[in-house]
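Worksheet: one structure, shown below.
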Amino acid sequence: MLQYLTVPVTPFQQNCSIVWCDATKDAAIIDPGGDIDTLLAEVQHLGVRLKAIWLTHAHIDHAGATGELAEQLQLPIIGPHPADQFWIDALPQQSAMFGFPPARPFAPTRWLHDGDTVQIGNETLNVRHCPGHTPGHVVFHAPQIDRAFVGDVLFAGSIGRTDFPQGNHQQLIDSITQRLWPMGDQTVFIPGHGPESSFGRERRSNPYVQGT
Ligand SMILES: [Zn+2]
Ligand SMILES: [Zn+2]
């Protein structure tokens, strides 16, 4: 069984998720944007062993603590897609602009591509490339529990911003309709910010993607 706990971090209340395999207690951390002490306290409280960092995209609120955490615990960094390299390179400017602690630079151990899988303990998640908010944005789908960790692609009642460099509104809509919706209306998603919802609910009521 795959389990997860979502912990909002940074002044942007970014939903960092700790996901773990019940059988082995191996855990991965999705989008450690900051607040390492809070995250490690949760990990300890859960009694799980952190094995990897998984990144949806390289915005500061999602990736800001990656370099420090990886070095501290000797963790591999998995993701995002290589098209986000320029956002990783820009982490120092991103931290200065938004008043975050200086982000330590890092190089992903493994880049992710559409159709890849990631493994934690006995559990496998599917990777979909969902560009639009950033060009290298990926999402993690756990069909065994009908959950998807979608970063800043889709929110309850909204969608990701596309006014950043290399953002693209039509590409984002295509990512949502062609790569998220096929996971099924019943799929509950954990967005990068705000409350969970389901794809079915968004297709019915989200003004940006209603009826798609
Ligand atoms: Zn973002
Ligand atoms: Zn975000």
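The values are calculated or read from the model by the stated rules, or taken from the named source; none is laboratory data. If you're wondering where the values come from, they're calculated on a predicted model, not measured in any experiment. Cβ coordinates were reconstructed from backbone atoms using ideal geometry, including for glycine residues, and neighbour counts include every protein chain displayed.
A few points about this structure:
Conditions tested, residue by residue: (1) within 16 Å of the chain's Cα centre (by Cα); (2) within 15 Å of ligand 2 (Cβ to nearest atom); (3) more than 25 Å from ASP84 (Cα to Cα).
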site	(1), (2), (3)
LEU172	yes, yes, no
SER175	yes, no, no
ARG179	yes, no, no
PHE189	yes, yes, no
GLY194	yes, yes, no
SER197	yes, no, yes
GLU202	no, no, yes
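- Given (1) of a type in the set (S, T, N, Q); (2) over 14 Å from the mean Cα position of the chain (by Cα); (3) more than 16 Å from ligand 1 (Cβ to nearest atom), index of the condition THR162 fails: (3)
- Note on the stretch 2-107: enclosed strands (runs of 3 or more DSSP E) holding 2 or more residues that are surrounded by fewer than 22 Cβ atoms within 10 Å (Cβ to Cβ), within 16 Å of ligand 2 (Cβ to nearest atom) and on the phi < 0 side of the Ramachandran plot are 2-9.
- Hey, THR134 among the hydroxyl-bearing types (Ser, Thr, Tyr), more than 16 Å from ligand 2 (Cβ to nearest atom) and at pLDDT 95 or above or not: no
- Residue in the stretch 109-127 that is surrounded by 21 or more Cβ atoms within 10 Å (Cβ to Cβ), within 15 Å of ligand 2 (Cβ to nearest atom) and among the aliphatic types (A, V, I, L, M) present: no
- Scanning the stretch 49-62 for residues that are near ligand 1 (Cβ under 9 Å from one of its atoms) and either closer than 20 Å to TRP20 by Cα or free of Cβ contacts under 8 Å to residues at least 24 places away in the same chain (or both) gives THR56, HIS62.
- Some residue of the stretch 139-150 being away from ligand 2 (no atom under 14 Å from the Cβ) and under 17 Å from TRP111 (Cα atoms): yes
- GLY160 passes every criterion in (1) touching a residue at least 40 places away in the same chain (Cβ under 8 Å); (2) crowded, with 24+ Cβ neighbours inside 10 Å; (3) closer than 19 Å to ASP31 by Cα apart from (1).
- In the stretch 101-121 there is at least one residue matching the filter, namely being in contact with a Leu (Cβ under 8 Å, 6 or more places away or on another chain), under 26 Å from ARG49 (Cα atoms) and within 16 Å of ligand 1 (Cβ to nearest atom).
- Within the stretch 166-184, residues that are over 12 Å from VAL150 (Cβ atoms) reach partners that are surrounded by fewer than 16 Cβ atoms within 10 Å (Cβ to Cβ) and hydroxyl-bearing (Ser, Thr, Tyr) with beta carbons closer than 7 Å, at six or more positions or on different chains, in the pairs THR177/THR212.
- Only one of the listed residues (GLN186, GLN144, GLN171, GLN178) is within 16 Å of ligand 1 (Cβ to nearest atom), modelled with pLDDT of 95 or more, surrounded by fewer than 21 Cβ atoms within 10 Å (Cβ to Cβ) and more than 23 Å from VAL9 (Cα to Cα). That residue is GLN171.
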